[in-house]
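Novice: Here you go, one structure.
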Amino acid sequence: MIEKADGLCSRLKYPCPKPKPVTEDLSINTRDEWEIPRETLSFGKRLGAGQFGEVWLGKYMNSTIVAIKTLQVGAMSSAAFLAEAQIMKKCRHDKLVRLYAVCTKEEPIYIVTELMSNGALLNYLRDGSKNLDLQTLIDMAAQIASGMSYLEERKFIHRDLAARNILVGENNEVKVADFGLAKIIDEESNPTNDAEVPIKWTAPEAALYRKFTTKSDVWSYGILFVELMTKGEIPYPGMGNGEVLEKIKGGYRMPKPTDCPEAAFEMVLKCWDEDPENRPSFENVFNFFENYYISEEPYYNRVVI
């Protein structure tokens, strides 16, 4: 039905066409094409380096500031490196780092993403000058849970959720990054036994039996929350990977960090339930921390950790 000028309604003869969604990427010319010419990119300073490549500050067409992830030639297969971009193409959420474009027609291959100006959360937490209060840390926890709730809904598992793989922008905005290990779920993901996993962040069923699910991501989120509360301390201080696994199998869990709210840590302990099915969903975790942040704001403002 459509309203006429006289205020009366008239039945439509044909359905209204639905406009196609517009993907906001680098420019109008690249909205529907992920591949861009590499000569449209210029490089600034190096932001970081890892086993398989480097991340650079860059510009697209000398105007849009971006981050450029490069693959070191011979470090890994192009297909494996681009798997991260393939995941990012399918995931669009304001708490996930946004993919802008790729350069794949020759080596080195580039993945071009939005720039998060304050870098990795782990380094940000360890910077004593930031003076992060509890309100900010709980808000960060809620933001991360929001991004992970989206991945959960889309049936993606991250498999490497940790402070080192969260990026920080302006005004303490945080986004989930590093989709290098992410996979779409069938029922559960069981990578080969030689796949490297970060033991201290990994759920016991994933570390011991390679059974990765959304619920193993929830376990990792609990470890990440402790990183937030301890300003980037290494989990299970003083323990090696083997000792951590043995103690977890025996029921050990890390103690509550100093100044961490009791109710918040109770949620973390639920994330570390031995039975994956008893762990909360990311939607529940997000709702908890979002509501906790709102209801307890006066308390947060009094505490700096």
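Novice: Please work out which residue is surrounded by the most Cβ atoms within 10 Å (Cβ to Cβ), limiting yourself to region 65-96 and to residues that are at pLDDT 95 or above and over 25 Å from ALA142 (Cβ atoms).
Specialist: So the residue we want is ILE68.
Novice: For region 219-230, name all the residues that are in contact with an Asp or Glu (Cβ under 9 Å, 6 or more places away or on another chain) and closer than 17 Å to MET140 by Cβ. Steps first, answer last, please.
Specialist: If we filter region 219-230 for residues that are in contact with an Asp or Glu (Cβ under 9 Å, 6 or more places away or on another chain), which is where we start, we get 219-220, 226-227, 229.
Of everything in region 219-230, those that are in contact with an Asp or Glu (Cβ under 9 Å, 6 or more places away or on another chain) and closer than 17 Å to MET140 by Cβ turn out to be SER220, VAL226, GLU227, MET229.
Novice: Further question: Can you run down the residue pairs with Cβ atoms below 8 Å, 6 or more apart or on separate chains, where the first is in region 143-166 and in the same structural domain as THR213 (by the TED database) and the partner is of a type in the set (Lys, Arg) and part of a helix (DSSP H, G or I)?
Specialist: Pairs found: ARG154/LYS90; PHE156/LYS90.
Novice: Tell me which residues, restricted to region 196-212, are buried (at least 22 other Cβ atoms within 10 Å of the Cβ) and of a type in the set (Ser, Thr, Tyr).
Specialist: If the condition is that a residue be buried (at least 22 other Cβ atoms within 10 Å of the Cβ) and of a type in the set (Ser, Thr, Tyr), then THR202 is the only one that fits.
Novice: For region 254-283, what are the residues that are without any contact (Cβ under 8 Å) to a residue 60 or more places away in the chain, surrounded by fewer than 15 Cβ atoms within 10 Å (Cβ to Cβ) and either not aliphatic (A, V, I, L, M) or not assigned by the TED database to the domain that holds TRP219 (or both)?
Specialist: Initial filter on region 254-283 (without any contact (Cβ under 8 Å) to a residue 60 or more places away in the chain): 254-258, 260, 262-263, 265-273, 275, 278.
So of that shortlist, the ones also surrounded by fewer than 15 Cβ atoms within 10 Å (Cβ to Cβ) come out as 255, 258, 262-263, 266, 269, 275, 278.
PRO255, THR258, GLU262, GLU266, ASP275, ASN278 - these are the residues of region 254-283 that are without any contact (Cβ under 8 Å) to a residue 60 or more places away in the chain, surrounded by fewer than 15 Cβ atoms within 10 Å (Cβ to Cβ) and either not aliphatic (A, V, I, L, M) or not assigned by the TED database to the domain that holds TRP219 (or both).
Novice: Return the residue satisfying two criteria in turn: it lies in region 37-56 and is outside any strand (DSSP E or B) and among the polar types (S, T, N, Q), and of such residues it is surrounded by the fewest Cβ atoms within 10 Å (Cβ to Cβ). Outline the logic, then answer.
Specialist: Step one: filter region 37-56 for residues outside any strand (DSSP E or B), giving 37-40, 50-52.
Pick out the ones that are also among the polar types (S, T, N, Q) and you get 40, 51.
On the way: THR40: 18, GLN51: 8.
If we take residues in region 37-56 being outside any strand (DSSP E or B) and among the polar types (S, T, N, Q), then GLN51 is surrounded by the fewest Cβ atoms within 10 Å (Cβ to Cβ).
Novice: Output the residue which, of all residues in region 179-191 that are at pLDDT below 65 and not in a loop (DSSP other than H, G, I, E, B), is nearest to the chain's Cα centre (by Cα). Walk me through it before giving the result.
Specialist: Here is the first cut: in region 179-191, the residues at pLDDT below 65 are 180-181, 184-191.
Those still in the list that are not in a loop (DSSP other than H, G, I, E, B) too: 184, 189.
Values: ILE184: 15, SER189: 18 Å.
Out of the qualifying residues, it is ILE184.
Conditions tested, residue by residue: (1) surrounded by 21 or more Cβ atoms within 10 Å (Cβ to Cβ); (2) within 15 Å of GLY222 (Cα to Cα); (3) under 11 Å from the mean Cα position of the chain (by Cα).
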{"residue": "ASN123", "(1), (2), (3)": "no, no, no"}
{"residue": "ARG126", "(1), (2), (3)": "no, no, no"}
{"residue": "SER129", "(1), (2), (3)": "no, no, no"}
{"residue": "THR136", "(1), (2), (3)": "no, no, no"}
{"residue": "GLU153", "(1), (2), (3)": "no, no, no"}
{"residue": "PHE156", "(1), (2), (3)": "yes, no, no"}
{"residue": "ALA162", "(1), (2), (3)": "yes, yes, yes"}
{"residue": "GLY169", "(1), (2), (3)": "no, no, no"}
{"residue": "GLU173", "(1), (2), (3)": "no, no, no"}
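The values are calculated or read from the model by the stated rules, or taken from the named source; none is laboratory data. Since this is a predicted model, take the numbers as computed values, not measurements. Cβ atoms come from the backbone with ideal geometry, glycine included; neighbour counts cover every protein chain shown.
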